[in-house]
Amino acid sequence: MKEKSKFRKGLERILATGIVLFGGLVGSANASQGRLKIIYDMNNSSYDNYWCKLNHTTGTEEPNDVSDVSYGNRIFANNKGSKIVSIIDPYELQIDTRGLNSNTPVNLELSLHEEYGNDMYLSNQENSLKFSFFGTGWDFGNQPITLQQQDLSDLNKDGDVDFYDFAMLANDYGKTGNALAGDISGADGISDGNVDFHDVAYFSEGWLNKRVYPVYDVRDANELNNGIIPLPDLNGTYISEKPYANFQLRFDRLLADLNDNGKVDNRDYSLFANGWHNDSSNNHIGNISGLNGIPDFNSVSGNAIIDGYDLGRFSEGWLRDVNEPNTW
Ligand SMILES: [Ca+2]
Ligand SMILES: [Ca+2]
Ligand SMILES: [Ca+2]
Ligand SMILES: [Ca+2]
């Protein structure tokens, strides 16, 4: 019953936007100031949860100015906690403030932080990100807001895995240390302080076939799932403050733009149709929604579920063009 009523609510939402399936335009662009708080919640009282904030407002600049706040001077209750920062190289920002109409991606890094720099061992530790808007009217207007995990093989974070990333890996090859860029994996799949064959294996996998992670609509997660975006459990030994996952928050990607070329058209539809009710892969790009407004997965196989929820969100985006905000 619950499922049915949520599905109906989803359909009502589509109707409320004034879009008829496969056609029509929506209101006008209204970029507006925004504040987003992101809590990295480890769902466990032994760890301090940390957060970072993103602001879009007037009178500020990128990449870094006086309205930003760097990560640091942290006070721990239990010596250990989560860490989330926005990276504007070389800065690690706790509060990242940008211009009103900023469209630049926000690169988020997740790690664990132990007060004295010791490694941390975790077993089946649940964790999640929790997004919330704060301040009346600070909602980023109607800019799209999406979140997607990035392949760690993209060492220079430019969106591609290629020779430039390999050059960075090669530069660290054979080295040992806690902050090596090339240390992206280890025996149990996480950074281990050495750059060796484990890292090369992980990297070559990413170079041949870039890992694609689901795209989350932050507004949908906020509206239908209390802002929560679940993360995979943590298992293994984690180096303090060594990022184990990168995420990118974007304001210039439409959820239904599956091939990420700025507009939603037949090419996206054919990608979408290819995944329709095809429960065979855990990361199909057409899995853009679900019962709770976020991509959903089969609880047994772990595979992506692509059904009416995804079709609803895909239809909402039909024929929109990110460069023509009057179509959003
Ligand atoms: Ca790259
Ligand atoms: Ca390694
Ligand atoms: Ca497209
Ligand atoms: Ca789905």
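The values are calculated or read from the model by the stated rules, or taken from the named source; none is laboratory data. As the structure is a computational prediction, the values presented were derived from the model and not from experiment. All Cβ positions, even for glycine, are placed from backbone atoms using ideal geometry, and neighbour counts span all protein chains on display.
The condition (being more than 15 Å from ligand 1 (Cβ to nearest atom), assigned to a strand (DSSP E or B) and surrounded by 15 or more Cβ atoms within 10 Å (Cβ to Cβ)) is satisfied by just one residue among Lys130, Lys242: Lys130.
The single condition among (1) in a strand (DSSP E or B); (2) at pLDDT 95 or above that Arg219 does not meet is (1). For region 71-96, the set of residues classified as among the hydroxyl-bearing types (Ser, Thr, Tyr) and closer than 20 Å to Leu129 by Cα consists of Tyr71, Ser82, Ser86, listed by residue number.
Within the set Asp296, Asp321, Asp310, the sole residue that is more than 30 Å from Gly182 (Cβ to Cβ), away from ligand 2 (no atom under 16 Å from the Cβ) and over 20 Å from the mean Cα position of the chain (by Cα) turns out to be Asp321.
Among the residues of region 304-324, those identified as surrounded by 16 or more Cβ atoms within 10 Å (Cβ to Cβ), away from ligand 3 (no atom under 16 Å from the Cβ) and not hydrophobic (A, V, I, L, M, F, W, C) are Asp307, Tyr309, Gly312. A residue that is under 23 Å from Asp310 (Cβ atoms) and either loosely packed, with under 15 Cβ neighbours inside 10 Å or under 22 Å from the mean Cα position of the chain (by Cα) (or both) occurs nowhere in region 169-178. With respect to (1) surrounded by fewer than 19 Cβ atoms within 10 Å (Cβ to Cβ); (2) assigned to a loop (DSSP other than H, G, I, E, B), the lone exception for Asn274 is condition (2). When the criteria are applied in full, Arg267 fails the requirement of being within 16 Å of ligand 3 (Cβ to nearest atom), surrounded by 15 or more Cβ atoms within 10 Å (Cβ to Cβ) and either part of a strand (DSSP E or B) or among the basic types (Lys, Arg) (or both). Taking region 153-165 as the range and being within 16 Å of ligand 2 (Cβ to nearest atom) and in contact with a Phe, Trp or Tyr (Cβ under 7 Å, 6 or more places away or on another chain) as the test, only Ser153 passes.
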